[in-house]
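Everything on this sheet refers to the single structure shown next.
Values quoted throughout were computed directly from the atomic coordinates according to the rules given, and no laboratory measurement underlies them. On a predicted model such as this, the values are computed, not experimentally measured, just so you know. Here the Cβ is made from the backbone with ideal geometry for all residues, glycine too, and neighbour counts use every protein chain on show.
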Amino acid sequence: MVKSFLYQSSEIFYRIEGKGWPVLLIHGFAEDQSIWDAQTAYLEKNFRVLVPDLPGSGLSGTIPDMSMEGMADCLRKLLEIEVPPDSPEGPGGIVVIGHSMGGYILLALAERYPDSVKALGLFHSTAYPDSEEKKMARRKGIEFIGKYGSSAFIQQATPALFSERFKNQSPGVVAGLIQRYGNFNPESLITYYTEMMNRPDRTDLLKNIAKPVLFAMGKEDKAVPLDQGLQQSHMPRLSYIHILENSGHMGMLEQSQYSSILLNDFCGRDLRN
């Protein structure tokens with residue numbers, strides 16, 4: 001079921017599927033809620049799955065504050081609507097999973113609204129800020145988008161997100177993703193890159209958090225390298241670590257079934273007490 005709500009004069013869309021304990025899935029950069037289709041179909045058997053289009057993505061309009069914190073504020077509003085404090089699931093928060101940029105937003109949500117998040121999953125994501133090398137790459141991306149547009153950018157950038165094995169075995173999936181997001185709003189892409197460069201270091205959040213944290217890492221991930229993921233996975237008091245041996249940055253597609261199972265297992269742990 002597709003629903004929407006008005007937030008800061010913009011309509012924000014989201015899907016809600018299944019019944020039971022609520023789980024929020026946050027997509028990443030240059031994606032929309034459909035990137036989680038396989039995981040949503042799997043999780044909805046056991047959970048009520050909330051899958052939004054972030055501001056500026058999919059059907060959702062942009063909002064004045066498109067920072068990681070601003071988008072976290074928007075998701076807080078979604079949770080207030082679907083998981084109000086007086087509901088059985090309200091007190092103590094819910095399980096939230098974020099892919100890549102979605103993980104950055106999740107960390108901002110957990111920092112600003114700790115009562116909203118009971119357990120968090122960083123799916124190919126990191127609490128570290130951008131390095132100078134990463135910022136330089138994003139600036140080049142912004143320049144490329146401004147010069148050639150979003151379609152050319154998506155066509156160039158998307159293949160690098162996948163492992164070599166997957167690209168060779170499933171070229172149609174990669175091509176389909178390029179086609180699906182080729183018309184992405186270029187202004188949104190530029191804004192996301194700018195705000196990701198400006199996001200703070202949130203490793204202290206991981207070091208001090210008492211809640212369960214899932215780390216799903218791709219062995220061939222070039223965007224969030226495995227060694228970086230392993231370093232941060234030792235910070236929380238309680239970590240659940242999964243290395244996707246045959247994945248780059250897109251484990252929900254590259255190892256779809258395995259990703260669905262590990263998310264289901266994490267969400268199904270006794271997190272209510």
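Using only alpha-carbon positions in segment 65-196, the gyration tensor eigenvalues give semi-axes of 31, 18, 14 Å once each is multiplied by 5 and square-rooted (largest first). Pairs spanning more than 30 Å between alpha-carbon atoms, out of 19/211; 3/147; 77/207: 3/147. Among 71, 66, the order by Cβ neighbours within 10 angstrom, fewest to most, reads 66, 71. Here the chain has an Rg and Dmax of 17.2, 52 Å, counting Cα atoms alone.
Exposure proxy for 27, 242: other Cβ atoms within 10 Å of each Cβ, ordered fewest to most, give 242, 27. Database remark: amide H of residue 121 closer than 5 angstrom to the amide H of 96, 97, 98, 214 (H placed geometrically; neighbours at sequence offset of 5 or more, or on other chains; Pro and chain starts carry no H).
Its DSSP H runs of at least 4 residues, each contributing -39,500 (n - 2.57), put the calculated 222 nm mean residue ellipticity of the chain at -13000 deg cm²/dmol, to the nearest 500. Taking Cα centre as origin and charging only the Cβ of basic (Lys, Arg, +1) and acidic (Asp, Glu, -1) residues, the dipole magnitude of the chain rounds to 260 debye. Taken over segment 154-262, the ratio of Cα radius of gyration to 2.2 N^0.38 Å equals 1.20.
Looking at segment 183-273, the GluC sites (Glu not before Pro) that sit in a DSSP loop and have at most 16 other Cβ atoms within 10 Å of their own Cβ are 245. Rounded to the nearest 20, the Cβ-based charge dipole of segment 139-248 about its Cα centre (Lys and Arg +1, Asp and Glu -1) stands at 80 debye. From the largest down, segment 1-145 spans 46, 29, 28 angstrom on the principal axes of its Cα atoms. Taking the Cβ of residue 1 as the centre, find all other residues whose Cβ is under 9 Å away and add up their charges (Lys, Arg: +1; Asp, Glu: -1). It works out to a net charge of +1.
Highest mobility in the GNM of the chain, judged by mean-square fluctuation with C-alpha springs under 10 Å and restricted to 216, 160, 30, is found for 160. Tell me which trypsin sites (Lys or Arg not before Pro) from segment 1-83 have a DSSP coil assignment and no more than 15 other beta carbons within 10 Å of their own. When the trypsin sites (Lys or Arg not before Pro) of segment 1-83 are filtered for loop state and at most 15 Cβ neighbours within 10 Å, 19, 45 remain. When the Gaussian network model of the chain links Cα atoms closer than 10 Å, the mean-square fluctuations of 198, 183, 168 top out at 168. Dipole size of segment 13-114 about its Cα centre, with +1 on Lys/Arg Cβ and -1 on Asp/Glu Cβ: approximately 200 debye, rounded to the nearest 20. Of the trypsin sites (Lys or Arg not before Pro) found in segment 185-273, the ones in coil according to DSSP and having at most 16 other Cβ atoms within 10 Å of their Cβ are 219, 222, 237, 269, 272.
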